[in-house]
Every structure is written in C-alpha cells, then in structure tokens.
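Before any comments, here is the structure.
The values are calculated or read from the model by the stated rules, or taken from the named source; none is laboratory data. In this text the structure is predicted, and so the values were computed from the model without any measurement. Because the Cβ atoms are built from the backbone with ideal geometry, glycine has one as well, and the counts that use them run over all protein chains shown.
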Amino acid sequence: MARARPQAVEGSWSGAKATDALLRPVRAGNAFEETVERLRVSRVTLREALRELQRAGYVDSRRGRYGGTFVRGDLPARRRRSGTLAAEARRRDLEDALVLRQVVETGAAAEAAARGIGVLEERYLRERLEACTNAADVGEYRRMDSRLHIALAELTGSPSLTSAVADARARINALLDDIPALGQNLRHGDAQHAEIVDAVVAHDPERARRAMAEHIEGTALLLRGFLD
C-alpha cells in the first residue's frame, strides 16, 4: 500500500543561532511562503528566535493589550571584518556547507531508493522534477530545486534527515546567490535530477547515491570556482 504523499518543506539551520535562521536573505519569489516553510522545519522555536533578535537589537517586544513584537526602525549596523578574515571565514563556511550537503544528501538519496516508493510518491517526485525544469526564473528554479531535494529526503521517513537536508539546501542556496546563474549549468542540473529520480524509482540505492554525488560535485566545483 502506497504511503501518503509527502509535503515538501525547506529552510532549517541545524546548530545555527536563531538569528542566522531568520536573517538570511529570502529567495526571490513569495517571501511569505518562503518564511513559513523555513520556520516549519527549523530546530529553534519561534519564541527563541524572537528572543535572539531582541537581544541583537532587531526587534522590540511589548506586553499589554497593544503589545507584540515589532521590528525596530534603527537596525544595528553589521560588523565588518578585514578582507583576509572575511575571505577565510567564507572559505570555511563554504567547505563546511559542501561537506554537510555531500553526506546528508547522498545518504538521503540512497535511503529513499532502498526503502522503495509507491505510485503516489513517484508521481509526487515527477511533479517536483517537472516544476524545477519549467521554472520561470532563477529564483523559482532554486525554490523548486530545494523542494525536489527535500522531497527525496522525506521519502526516507526520517524527520531529522529531512531537517538536515533542508539546512544544507538553505546554506547552499545562500552561497549560490553570490555567483552568476549559468543557464547551461541549470539544464545540466535538470538532467542530473532526472537521473536521481529514476534511480530512486528503480529502487537502486547505489545508483541513486552515485547520481546525487555527481550532482553535488558539479555544484561544489562551481561554487569553489567563484568563491574560493
């Protein structure tokens, strides 16, 4: 009997501060939807996040009948580091994000294939794949790309793994925002996505792991080329 169709979610920052989760730039597109999706899988609670934002000087919280949490008009200025320190920090962040993604996403693809999927789940994956291929612009492509990868993680049946993949996707998307979008690279990514989905549908864990690893390595090379 096929399992119920999973619901795609995205946007968790495992082990990061609450402010990191809420202050990363939202992708182009539906900002409300993007923010809600992030909070649904975040490992920090909204209350903790707001508390961190208040400590950092971004919001004020007031009690009473007309109370609530309000964004301050005088936001704190960001601290600037020296060029060398900033470059080193970015390089560390890049490698950390790439290692995290390589481990959790290849594992998720293999596990999804090993567990096997039903007709409804295959249809869902195909829909996510088609949405990615037919994206109208880069912003939409990134969102659909993330949802496809997270859908694969959901098929493992592990909420913790799904959260980790969402974390990895959010960090990679933030890095991709800093480099040019190459149409040829996106089309190549579509072909790799199709191979990953086909491997999962065929219940072939090793093929799924290999296809995901190749896909991830292509993105890693692109990011290192522009950012390292």
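Condition first: free of Cβ contacts under 8 Å to residues at least 40 places away in the same chain and among the polar types (S, T, N, Q). Can you find one or more residues in the stretch 178-187 that meet it? Yes. Looking for whichever is in contact with a Phe, Trp or Tyr (Cβ under 8 Å, 6 or more places away or on another chain) and among the aliphatic types (A, V, I, L, M) here; the options are 196, 179, 216, 150. Which one fits? Among 196, 179, 216, 150, only 179 is in contact with a Phe, Trp or Tyr (Cβ under 8 Å, 6 or more places away or on another chain) and among the aliphatic types (A, V, I, L, M).
To keep it simple, each residue is scored yes or no on (1) in a loop (DSSP other than H, G, I, E, B); (2) modelled with pLDDT of 80 or more.
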site	(1), (2)
65	yes, no
69	no, no
76	yes, no
79	yes, no
87	no, no
91	no, yes
96	no, yes
106	no, yes
111	no, yes
